[in-house]
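Student: Here it is, the structure, as structure tokens.
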Amino acid sequence: MPTKRHAPVSLAKPALVAASLLLATGCSLYKANKAFEAGRFEDAVRAYQDILSADPENVKARIGYKRSATRAAELHLEQAREAERRKDGGRVYQEVRRALVLDPGNALATEWLTNLELAAQEQKRTEESLDALTAQVESHQPLIRTPRSLEGMDRNSRRRTSRRDILAN
């Protein structure tokens with residue numbers, strides 16, 4: 001008989017755990033949905049990620065996560081466009097990168113980031129070639145004019161001299 005008493009109690013524990021998990025998931029979904037509705041898309045992404053880490057099969061959380069990540073990425077791309085208008089290259093790169101982290105499948109962010117990285121590589125190559133050219137120019141010794149090199153120069157350099165006089169010297 002003691003086993004009969006323990007059997008209902010042991011069945012009640014998993015049911016209680018499942019009910020509390022369901023309640024916690026429901027509250028988390030509510031908070032995530034509210035964050036999405038308020039336009040706090042990154043907060044919603046984090047909330048949906050928390051739900052999915054506890055319950056990877058939660059379809060509502062997956063759908064909410066995808067919607068939130070897409071919208072958050074769009075906001076970051078818009079901020080990148082604004083930074084580009086202000087000619088703030090570092091901020092553009094940062095915002096596009098954040099958009100791509102949030103939504104790795106975003107083709108616009110992928111292409112934009114690729115173009116930014118190619119432009120940065122090209123600028124680096126240009127700077128390196130300019131540095132090399134500058135070093136090359138600086139390594140050549142300039143012509144040094146000494147007072148002796150000016151001997152024989154006349155202030156009247158415009159006067160006419162015959163070829164015979166020039167070749168004779």
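Student: Evaluate the charge dipole of region 86-131 about its Cα centre and quote only its size in Debye, nearest 20, assuming +1 on the Cβ of each Lys and Arg and -1 on the Cβ of each Asp and Glu.
Tutor: On the way: 7 positive and 9 negative charges, 44 e Å.
Dipole magnitude for region 86-131 comes out near 220 debye.
Student: How do 92-101, 46-55, 30-39 rank on mean C-beta neighbours within 10 Å, highest first?
Tutor: Working: 92-101: 20.1, 46-55: 17.7, 30-39: 15.2.
Order by mean packing, descending: 92-101, 46-55, 30-39.
Student: List the aspartates and glutamates whose Cα sits under 15 Å from the Cα of K87, skipping any in the same chain fewer than 8 residues away.
Tutor: E78, E95
Student: How many percent of the alpha carbon pairs in region 39-135 exceed a separation of 16 Å? If you can, show how the numbers build up before the last one.
Tutor: On the way: 2912 of 4656 pairs.
Cα-Cα pairs in region 39-135 separated by more than 16 Å: 63 percent.
Student: State, as an integer percentage, the relative contact order of region 42-133 based on alpha-carbon contacts under 8 Å between residues 6 or more apart.
Tutor: Details: 67 pairs, mean separation 18.3, N = 92.
It rounds to 20 percent for region 42-133.
Student: Could you size up the charge dipole of region 31-97 around its Cα centre, putting +1 on the beta carbon of Lys and Arg and -1 on that of Asp and Glu, and report it in debye to the nearest 20? Kindly include the intermediate steps, with their values, before the conclusion.
Tutor: Working: 15 positive and 12 negative charges, 25 e Å.
For region 31-97, the charge dipole is close to 120 debye.
Student: So if each residue of separation counts as 0.36 nm, and I subtract the Cα-Cα distance between K34 and I166, what length gain in nm does that give? Before the final figure, lay out each step's value.
Tutor: Details: separation 132, 0.36 × 132 = 47.52 nm, distance 9.56 nm.
Extra length from K34 to I166 when fully extended: 38.0 nm.
Readers should treat all values here as calculations from the given coordinates under stated rules, not as data from a laboratory. Bear in mind the structure is a predicted one, so any value in this text is a computation, not a measurement. Note that we place each Cβ from the backbone using ideal geometry, even for glycine, and neighbour counts take in every protein chain shown.
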